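J.: One structure follows; several queries about it will come next.
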Amino acid sequence: MLRLSISTNSRCLTILVAGLACLAGQPTLAQAGREGLQPQVLAEVFSPKRQLHFSFVLLPDGQPAYRVRYRGKAVIADSALGLELQGQPPLGPGLRLASVEYDSADETYEVVAGKSNPVRNHYHSVLLKLEETGRLQRKLWLQARAYDDGVAFRYMLPAQPRLTEIRLIQERTKFRLAKDGTAFPLYLPGFRNSYEGEHFKVPVTGLLAELLIGLPLLVELPGVAWLAITEAHLENYAGMYLTHPGGTRSLELEVRLAPRLDVPGLSVLAIPAHRSAWRAIMIADEPGRLIESNLVINLNPPCALKDTSWIRPGKKTSPWWPGSVVTGADFQGGMNTQTMKYYTDFASRSNIPYLVIDAGWYRNDDVTDVNRDLNLREVIRYAASKNVGVWLWAHWAVIDRQMEIAFPLFREWGVKGVKLDFMQRDDQVMVDFYHRAVREAAKHRLMIDLHGAYKPTGLQRTYPNLMAHEAALGFEYAKWSARSTPEVNVMLGFTRMLAGPMSIGVGAFNNVTHAEFVPRNRAPMVLGTRAHHLALYVVFENPFAGVVDHPGAYENLPEFEFIRHVPTVWEETRVLNAEAGKYVTIARRRGQEWYVGSITDWDPRQFELPLDFLAPGGYTAEVYADAADAHRYPKHVTIEQRFVDRSQMLKVVLAPGGGCAIRLRPLRP
């Protein structure tokens with residue numbers, strides 16, 4: 001075995017090549033496997049701090065594979081790689097190693113919205129170029145990156161004479177975990193879904209075989225690491241799911257791609273050169289470190305927009321969730337001009353920059369046919385006079401059909417953004433729609449919010465006019481069920497939110513106990529204390545955060561001041577404590593101010609929060625906490641001011657289903 005060590009920029013990338021004969025074209029990888037050799041390392045790359053170690057290997061049967069180690073311990077054991085193509089043999093076995101290339105990057109870039117700003121993008125990478133020695137002589141490239149917070153790999157099919165069209169049935173990608181552990185799956189019954197469901201806690205070997213697993217998948221390998229498997233830079237490709245077909249003794253997960261609806265049996269139809277999405281694995285010693293990771297957006301291309309000054313994240317209000325409730329008015333709430341002006345007035349006096357006009361504003365599946373009870377242009381004009389921007393809801397199929405008409409028309413009207421809904425797929429055709437929608441919207445200075453959507457894959461780095469994806473079980477479920485709970489909220493922070501911003505409503509104030517809860521469409525009730533729901537503005541990453549309740553729900557309540565001031569974009573994020581599915585406390589900074597959100601499941605908790613993330617000097621802490629009787633009266637909140645500095649610990653007490661929200665402002669000299 002030939003060992004090549006190449007040192008560049010004060011770091012070392014080690015490339016292991018399976019023999020000089022292999023570089024010369026003999027033996028082939030398949031031949032090496034038939035000779036009964038042990039798995040051979042073809043190339044490997046370390047993360048900048050050398051804690052993560054990614055290797056491409058050759059299995060004894062001649063199949064390319066990969067392995068991952070963290071701090072010297074195996075995380076992913078040898079896991080096969082390959083592609084299943086229609087009308088051709090699988091692409092994987094029978095390859096020879098043509099060349100290995102390495103690279104690295106260490107850059108920072110600004111984002112319009114995110115959990116940190118600027119973002120550091122620091123990685124080491126390797127590109128493995130393989131080609132067949134048989135009749136077809138097809139080429140397959142494998143690329144990997146190693147970051148300090150995770151690793152990623154992807155397939156690349158270069159332009160080549162023997163593969164002029166890619167008709168991909170499935171990937172043969174596997175994730176073979178190094179040991180049994182605990183998984184937190186989101187089970188999905190099929191490929192037509194909106195990622196809205198509860199996560200479960202099961203042993204890896206106990207994962208169900210008959211259901212798809214949505215991403216990200218959080219896994220704890222005790223004594224080794226926490227990891228989350230997801231994908232990034234999904235473009236002109238099919239969305240990825242996981243399955244566990246091996247049964248109760250298996251540690252192996254397999255990739256399943258969403259099938260196209262228009263070409264039976266295929267997942268991807270493309271022309272080389274082409275590449276898959278990144279298969280990303282966040283890895284850390286604690287689950288809270290995963291929440292801090294920027295791996296997904298770092299794996300995406302840089303911003304494609306020259307001017308982003310018109311993109312302005314912020315909070316929103318809408319009559320939809322509370323059922324168009326109006327109080328103290330002489331008109332009936334509904335899809336009419338008076339209701340929209342009523343909610344606009346609330347937004348204007350509450351530091352809420354946006355009003356969303358939801359379903360029902362247009363008729364006959366035609367955005368040019370406006371509901372006759374709604375003078376839309378007058379509402380937009382009135383809102384602008386109050387420094388409130390208007391967003392419009394639309395079914396994706398209507399926009400797909402009318403995009404060339406709709407987006408220019410919306411800009412002419414003065415609309416600021418579009419909430420697209422009910423996509424509920426992530427096959428290649430739908431993925432292309434997402435990209436086309438955000439790209440065309442940007443041409444007309446329109447922001448986009450995606451509901452009924454698949455999980456984020458980092459597109460917001462390239463097109464920052466994309467605010468967020470929903471893809472989560474949110475408060476809308478309180479209108480017809482008791483499924484939206486504090487347990488669900490906590491779990492979302494460790495699962496769905498790892499993929500990116502989460503567009504679900506927060507700020508519900510009709511907080512009730514389990515015994516009192518009744519699903520209803522108007523003025524819905526919610527489970528969890530009011531302090532819990534205040535804390536969600538910090539816990540959840542969402543640059544387009546909702547203020548979901550009706551204006552009367554907040555009237556003359558001092559705790560609403562927290563909502564008025566809390567930002568929706570951040571420059572720094574720190575997880576102060578976390579136990580997956582049970583509790584989490586997150587601190588986020590905007591400018592010189594810090595905000596802290598702490599939430600728990602149905603178990604009460606007490607914490608001593610370290611404040612060493614603060615800058616030197618004193619701070620005023622405005623603490624919005626569960627009252628002593630919040631377990632019986634969830635609306636009860638205590639508000640107090642404390643003077644603190646970075647040397648202190650701050651005690652917080654959380655009721656069952658409770659929380660705590662804190663605003664920390666530096667004292668003026």
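We did not get these values from a lab; they are worked out from the coordinates using the rules stated. All figures in this text were calculated on a predicted structure; none of them were measured in a lab. All Cβ positions, even for glycine, are placed from backbone atoms using ideal geometry, and neighbour counts span all protein chains on display.
J.: Just subtract the alpha-carbon distance of residue 557 and residue 285 from 0.36 nm times their residue separation and send over the number in nm, one decimal.
T.: This chain segment gains 93.8 nm when fully extended.
J.: Can you give the FRET efficiency to the nearest 0.05 for residue 332 and residue 162, using r as the Cβ-Cβ distance and R₀ = 56 Å?
T.: Approximately 0.25, to the nearest 0.05.
J.: Mind listing the long-range amide H neighbours of residue 455? Cut-off is under 5 Å, sequence gap 5 or more, other chains count too, H placed in the peptide plane at 1.01 Å from N.
T.: Distant-sequence amide H within range of residue 455: zero hits.
J.: With bins 5 Å wide starting at 0, give me the P(r) of segment 205-364 over every alpha carbon pair, in whole percents.
T.: 1, 7, 10, 11, 11, 10, 12, 12, 11, 9, 5, 2, 0, 0
J.: So, with +1 on the Cβ of K and R and -1 on the Cβ of D and E, and no other charges, what is the size of the charge dipole of segment 561-662 about its Cα centre, to the nearest 20 debye?
T.: Dipole magnitude for segment 561-662 comes out near 100 debye.
J.: Would you mind computing, in nm to one decimal, how far apart the modelled labels at residue 371 and residue 101 are, each placed 7 Å from Cα along Cα→Cβ?
T.: A separation of 5.5 nm, rounded to one decimal place.
J.: How much net charge surrounds residue 115 when only the other residues with a Cβ under 13 Å from the Cβ of residue 115 are counted, with Lys and Arg +1 and Asp and Glu -1?
T.: Residues near residue 115 contribute +2 overall.
J.: Provide Rg and Dmax in Å for segment 283-332, with only Cα atoms included in the calculation.
T.: My reading of the Cα-based Rg and Dmax gives 20.5, 58 Å.
J.: When the Karplus curve 6.51 cos²θ - 1.76 cosθ + 1.60 is applied with θ = phi - 60°, which whole-Hz ³J(HN,Hα) does each residue of segment 359-375 get, with x for Gly and Pro?
T.: Values per residue, Gly and Pro as x: 3, x, 7, 10, 10, 6, 6, 9, 6, 8, 9, 7, 3, 6, 7, 10, 8 Hz.
J.: Then there is this: Spelling out what I want: for every residue of segment 47-57, take phi, set θ = phi - 60°, compute 6.51 cos²θ - 1.76 cosθ + 1.60 (Karplus), and round to whole Hz; glycine and proline get x.
T.: Whole-Hz 3J(HN,Hα) from phi for segment 47-57: 5, x, 8, 6, 8, 10, 9, 10, 10, 8, 10.
J.: Report, in debye and to the nearest 20, how large the dipole of the chain comes out about its Cα centre when Lys and Arg carry +1 and Asp and Glu carry -1 on their Cβ.
T.: It comes to approximately 920 debye.
J.: Starting from the Cα of residue 73, step 7 Å toward the Cβ, then list every residue of segment 208-248 with an amide N under 11 Å from that point.
T.: Of the residues in segment 208-248, 221-226 have backbone N under 11 Å from the label point off residue 73.
J.: With Cβ to Cβ distances under 15 Å as the rule, what net charge do the other residues near residue 436 carry (K, R +1; D, E -1)?
T.: -3
J.: So what's the net charge close to residue 235: Lys and Arg +1, Asp and Glu -1, counting the other residues with Cβ under 10 Å from its Cβ?
T.: With Lys, Arg at +1 and Asp, Glu at -1, the net is 0.
J.: Treating the chain as a set of equal point scatterers at the Cα positions, no solvent, please give the Debye-formula log₁₀ I(q)/I(0) at q = 0.06, 0.07, 0.08, 0.11 Å⁻¹.
T.: Those come out to -0.35, -0.48, -0.62, -1.12, one per q.
J.: So for the pair residue 646, residue 378, with labels modelled 7 Å out along Cα→Cβ, what separation do we get in nm?
T.: Each label point lies 7 Å from its Cα, and together they span 5.6 nm.
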